[in-house]
Amino acid sequence: MDSRWIGMGVSCLIIMIWLFVCGVPTELSMVSFVALAAMIQIAAGYRLGTYVNRLRQMAYHDSLTGVLVNRRFLDKLIREIKLAKIQQYPVTLLFIDLDNFKKFNDCHGHMEGDRLLCQFAAILQASVRSQDTVGRWGGEEFVVLLKHADTQQALAIGERIQNQVRQSLSGVTASIGVASYPHHAATAEELTHKADTLMYEAKKQKDCMIVATH
């Protein structure tokens, strides 16, 4: 929920309690004073909510790329698996690592490396659906949570990501590990481990995507 509206709601509640305790003024000058005080209180609540939103954004999202940090991504994955168990739908996880990123950094410098990571994050967000979630697991490793998506749908998205990386990121490719709930794992932790392991297998070949078979 947006903290700005919570702040405004709390401010309105405080005003109502104050009026209930002190009574509604009848003199015109007091009415104007109370109206002004109410507007200031509501504005202050809105600004406080805006500040809380900004803090939440900073805590939940990677400061460089803007995607979810790993702990928030994992929290979201755990919640999604629980919901998928109840509603019985598939969830697929992509673990993605940029090949040759260290070489790129050594050749072009860390500032260019950071710029490339931001470009890659933008490619991921543009390649998935609106209901999907992108996160940064650490370094050049990223993760994608695909809701209501089976392995075949995930393969199509993975191929789209790899094609975009080949076209847009000079000399860098993407290796991907793919695993789905419930076919390859029963929990979020198992799904994470499976997709992560497959990604490392894919990296041995580079520019490769490996899908879980059991």
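The values are calculated or read from the model by the stated rules, or taken from the named source; none is laboratory data. What you see is a predicted model; the values in this text were computed from it and never measured. Note that we place each Cβ from the backbone using ideal geometry, even for glycine, and neighbour counts take in every protein chain shown. Protein only, heavy atoms only, side chains kept; ligands, DNA and RNA dropped before computing areas. Shrake-Rupley method; radii C 1.70, N 1.55, O 1.52, S 1.80 Å.
Are any of the residues in segment 118-127 of a type in the set (S, T, N, Q), open to solvent by 50 Å² or more (accessible area, probe 1.4 Å) and modelled with pLDDT of 95 or more? Checked segment 118-127: at least one residue is of a type in the set (S, T, N, Q), open to solvent by 50 Å² or more (accessible area, probe 1.4 Å) and modelled with pLDDT of 95 or more. Condition test on Ser180, is it in contact with a Pro (Cβ under 6 Å, 6 or more places away or on another chain), outside any helix (DSSP H, G or I) and surrounded by 15 or more Cβ atoms within 10 Å (Cβ to Cβ)? Spelling it out, Ser180 is indeed in contact with a Pro (Cβ under 6 Å, 6 or more places away or on another chain), outside any helix (DSSP H, G or I) and surrounded by 15 or more Cβ atoms within 10 Å (Cβ to Cβ).
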